Amino acid sequence: MTKQVEGIVMGLIAGFYDVQTESGIVRTRARGVFRKNKEKPTVGDHVQVQIDEQGTSYLVAIMPRQNLIGRPALANVSHVLLVVSAVEPDFSLQLLDRYLTFFSWQKVAVSIYLSKSDILAADKLQEIRHELDYYASIGYPVYDDWAKLAAELPKAITQDQIWTLAGQSGAGKSTLINHLKKDLKQETAAISTSLNRGKHTTRTVQLFSLGEGFLADTPGFSAIDFTPIKLNELCNYFSEFKKASVNCKFRGCQHLKEPRCAVKELVQEGKIRQSRYDDYLLMRNEIANGRMPEYLK
Ligand SMILES: Nc1nc2c(ncn2[C@@H]2O[C@H](COP(=O)(O)OP(=O)(O)OP(=O)(O)O)[C@@H](O)[C@H]2O)c(=O)[nH]1
Ligand SMILES: [Mg+2]
Ligand SMILES: [Zn+2]
């Protein structure tokens, strides 16, 4: 008798999909129909798997997705754990703002983890902590201690939620996942110092069970494309701008040259970070020009 089971795609290995079902992992191929429809099952997808009497299984249906992010892609992400390194690669507010804005646009919540705080001089570290306090004040939980994260994360990941690591290559995503799940041994590697840009060691997306849901390791991705974002909606993805904008004189204020702009007033008072505002202007330019600047590629 043929039976049909539901599950979540955990990983992709040489054309096979590993699907977590109630009765364990099923390694299966996908029906040819997906190729014809230019659809592709993706890690994180909720799927239906058909298993016949001989035990042969086929992935036969993909349930509607909440979202699809990254390259390689991950589906149904509810929360990002963004890993930013204090050094190697250097801490970058600009890159942090890029990630936060991008994920805000994708309607994905973000927590920030500062890695490599153990190898930076105390005064420099203090500066970074001070910067991150600002991000905590605008609603992003910040961690710089993996032990604390390891204690809280499993409780935070609720039923079937998919959380993912994100951040620059070499930032320490796989290292963190190794800390979080001692039995996992994701490959980590020293970053190439010549470029100060991580060497890509993680090449595939894979889900690991954690708490009541999943945590995904992903290859580092830092080339974020803002061009699909509508220019006049960008300001909505800066949470503190959005909050302040109810006090702007004009509805739909873009916080540029408009009179009585609450966002610009807060920037002048030092209550909104100048760096956030500058990054907002840079991203606007990028969207208006339809391409990202060369130095960020
Ligand atoms: N001292 C120190 N080294 C770290 C820390 N986190 C990561 N590293 C080192 O940084 C290097 C890169 O770490 P990975 O975990 O491979 O980085 P990744 O973010 O997974 O990189 P990709 O897979 O390329 O995206 C490795 O040599 C790690 O040992 C940390 O908190 N402290
Ligand atoms: Mg990695
Ligand atoms: Zn305004």
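Around the amide H of Cys248, modelled in the peptide plane, lie the amide H atoms of Ala262, all under 5 Å away and 5 or more residues distant in sequence or on another chain.
Fully extending the segment from Ala150 to His130 would add 4.9 nm, taking 0.36 nm per residue of separation and subtracting the current Cα-Cα distance. Cα gyration tensor of the stretch 68-217, axes a ≥ b ≥ c as square roots of the eigenvalues: rounded (a/c below 1.5), prolate (a/b > b/c) or oblate? Note, shape of the stretch 68-217 comes out rounded.
Applied to the stretch 124-138, the Karplus parametrisation 6.51 cos²θ - 1.76 cosθ + 1.60 on θ = phi - 60° returns per-residue 3J(HN,Hα) values of 5, 5, 4, 4, 5, 4, 4, 4, 5, 4, 4, 5, 4, 5, 9 Hz, with x for Gly and Pro. Using a Gaussian network for the chain with springs between C-alpha atoms less than 10 Å apart, which of these wobbles most: Glu152, Glu240, Glu39? So, out of Glu152, Glu240, Glu39, the one fluctuating most is Glu39.
For the chain, the longest principal axis of the alpha carbon atoms and the long axis of helix 146-156 meet at an angle near 60°.
Extent along the principal axes, Cα only, for the stretch 231-296: 35, 23, 19 Å, with the longest axis given first.
The distance from the alpha carbon centre of the stretch 1-77 to that of the stretch 101-159 is 32 Å, rounded to a whole number. Extension gain, Lys242 to Glu22, is 75.0 nm, computed as 0.36 nm per intervening residue step minus the present C-alpha separation.
Cys residues of the chain that find no other Cys beta carbon under 4.7 Å: Cys235, Cys261.
Take peptides 247-258, 156-167 and line them up by average Cβ neighbours within 10 Å, highest first, as a rough protection proxy. Walk me through the intermediate numbers first.
Details: 247-258: 14.1, 156-167: 19.6.
Order by mean packing, descending: 156-167, 247-258.
Which peptide among 93-99, 225-231, 74-80 comes first, and what is the full order, when sorted by highest mean count of other Cβ atoms within 10 Å? Working shown, then result.
Numbers: 93-99: 19.3, 225-231: 13.6, 74-80: 22.6.
Per-residue Cβ counts within 10 Å, averaged per peptide and sorted highest first, yield 74-80, 93-99, 225-231.
Please go through the residue pairs Lys116/Lys243; Lys124/Lys249; Lys3/Lys40; Lys124/Lys257; Lys36/Lys173; Lys124/Lys271 and name each one whose alpha carbons sit more than 30 Å apart in this structure. Before the final figure, lay out the partial values.
Working: Lys116/Lys243 32 Å; Lys124/Lys249 40 Å; Lys3/Lys40 22 Å; Lys124/Lys257 35 Å; Lys36/Lys173 36 Å; Lys124/Lys271 22 Å.
Exceeds cut-off: Lys116/Lys243; Lys124/Lys249; Lys124/Lys257; Lys36/Lys173.
Extension gain for the segment Glu258 to Arg203, taken as residue separation times 0.36 nm less the Cα-Cα distance, is 15.2 nm to one decimal. The calculated FRET efficiency for Ala122 paired with Glu39, based on their beta-carbon distance and R0 = 41 Å, is about 0.20. Within straight-line reach of Lys181, meaning a Cα separation under 17 Å, sit the following aspartates and glutamates at least 8 residues removed in sequence or on another chain: Asp145, Glu152, Glu212, Asp217. Each of Met63, Met10 was scored by other Cβ atoms within 10 Å of its Cβ. Arranged with the fewest first, they read Met63, Met10. For the chain, the alpha-carbon coordinates run over 71, 45, 37 Å along the three principal axes, in decreasing order.
For the stretch 91-105, putting each phi into the Karplus relation 6.51 cos²θ - 1.76 cosθ + 1.60 with θ = phi - 60° gives couplings of 4, 9, 5, 4, 5, 4, 4, 5, 4, 4, 5, 4, 6, 4, 4 Hz, in residue order, rounded to whole numbers and with x for Gly and Pro.
Please rank Asp145, Asp18, fewest neighbouring Cβ atoms within 10 Å first, as an exposure proxy.
On the way: Asp145 11, Asp18 18.
So the ranking, lowest neighbour count to highest, is Asp145, Asp18.
Quick note: the coordinates plus some simple rules give every number you see, no bench work behind them. Please read all numbers here as calculations on a predicted model, not as lab measurements. When we count neighbours, we look across all protein chains shown, and the Cβ atoms used for this are built from the backbone with ideal geometry, even at glycine.
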